[in-house]
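Before any comments, here is the structure.
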Amino acid sequence: MLFDVGRLLHEEFLAVYRAAAADADGWEDAAVTVAHRVGARLAAAKVPVAHVVIALRSTDRLLTEAMLDDDGDARALATAGTALAAELMSAFCAGDDGLADALLAGGAPDGAAAFYTVIAVRGALPARVVSAFRKRGPVLLATSGHLLLPVTEAAALPLCRDVCEEVGGEVWFCVAERPAARVALARKEVDDIDALVASLGRPSGVYRIDDMLFESAVMETPEVRDELGKVVAPLLANPVLVETVLALLEADGNRAVAVKKLFIHRSTIDYRLWQIEQLTGLSPVNPRDLAVLGTAIGMSRANALG
């Protein structure tokens, strides 16, 4: 490596931190300009991503502490550090998005990481989600809208939860990890998970295949799927009862919570649950039976979508 990344960041970012600490006009524009210039330089030098992330964290800590010792504005310093990191990573990774398409197409180009976690995003603008991820490290954006993190699923899950919280509102992330040469399979998996999550009306959050094993197994087994379809056909013909099952699922089987969601009396939900059991032979108050009913509804909706 021709230069020390930490030293470079310290030299380039110092003026921005000083301006932010003094709450001087124009420091935000300066941060964008500096970060993009440095990010492009690091990308051209092919500096490893890990080195960049470590240097960013160290530089932010050192410069923030120095500015606070001089009574700098703590909030402005925090904003400056976040903005510099996000803009630098955006420039650093700008040339890598074509790599995401190549990986999703089944290739394993030179420069690819050993593993990737693929993320299907629903309910939020991809650009906003990408920006949130790039504050935390590298992320690739494919033309399909899928995101690829060059980390294992275990490392990706807490990042996804943090980004969900930062983005706010109703946003769904479905994740799956594969080696670089098998990223296309991860894409299929996250798309299948997302379809199930959407059809079941699951609440926003982060999902992986382990969260949907039963539902996925039913969808993959024609004999079970057909039999289940026959059992719940009378239920599917009654939108009110379907709504009741979904509300109970979202409430994790808690009838008191479901009652509030449905704006009905406790005796009303008890009557509906009795009707459901009479129609299907499955009791919604039994967690296993409730899961079966929810899967049947999701299967029906997924089939309707084609």
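The values are calculated or read from the model by the stated rules, or taken from the named source; none is laboratory data. Remember, predicted model here, so these are calculated numbers, not experimental data. Cβ sites come from the backbone with ideal geometry, for glycine too, and all protein chains shown count toward neighbours. Just the protein is used for accessible areas: all its heavy atoms, side chains included, with ligands, DNA and RNA removed. Shrake-Rupley method; radii C 1.70, N 1.55, O 1.52, S 1.80 Å.
Assorted remarks:
- Coordinate range of the alpha-carbon atoms in region 46-172 per principal axis, descending: 53, 37, 24 Å.
- GNM top mover of Val139, Val190, Val292 - the chain, alpha-carbon springs below 10 Å: Val292
- The Cα-based radius of gyration and maximum Cα-Cα distance (Dmax) for region 203-306 are 13.5, 39 Å.
- Percent accessible area from carbon and sulfur atoms, region 100-211, protein chains only, probe 1.4 Å: 54 percent
- Contact order normalised by residue count of the chain, Cα under 8 Å, 6+ apart, percent: 13 percent
- The chain - accessible surface per residue (Å², probe 1.4 Å): 50 Å²
- Counting only whole DSSP H helices of the chain, the ones at least 24 Å long by C-alpha along their axis and with mean Kyte-Doolittle hydropathy no lower than 0.5 are 49-69, 74-93, 183-200.
- Put simply, the amide H of Tyr207, placed in the peptide plane, has neighbours under 5 Å in Phe173, Cys174, Val175, leaving out anything fewer than 5 places away on its chain.
- Rounded, prolate or oblate (a/c below 1.5 giving rounded, otherwise prolate when a/b exceeds b/c) for region 209-260 by Cα gyration tensor: oblate
- Think of region 155-269 as a dipole: +1 on every Lys or Arg Cβ, -1 on every Asp or Glu Cβ, centred on the Cα centre; then among Val206, Ile269, Val163, Ile269 lies furthest on the positive end.
- Most fluctuating residue given options Ser267, Ser216, Ser199, as computed from a GNM of the chain linking Cα atoms under 10 Å: Ser267
- Global form of region 117-268, assessed from the alpha-carbon gyration tensor, a/c cut-off 1.5: oblate
- Positive-end residue of Ala76, Ala237, Ala50, charge dipole of the chain with Cβ unit charges: Ala237
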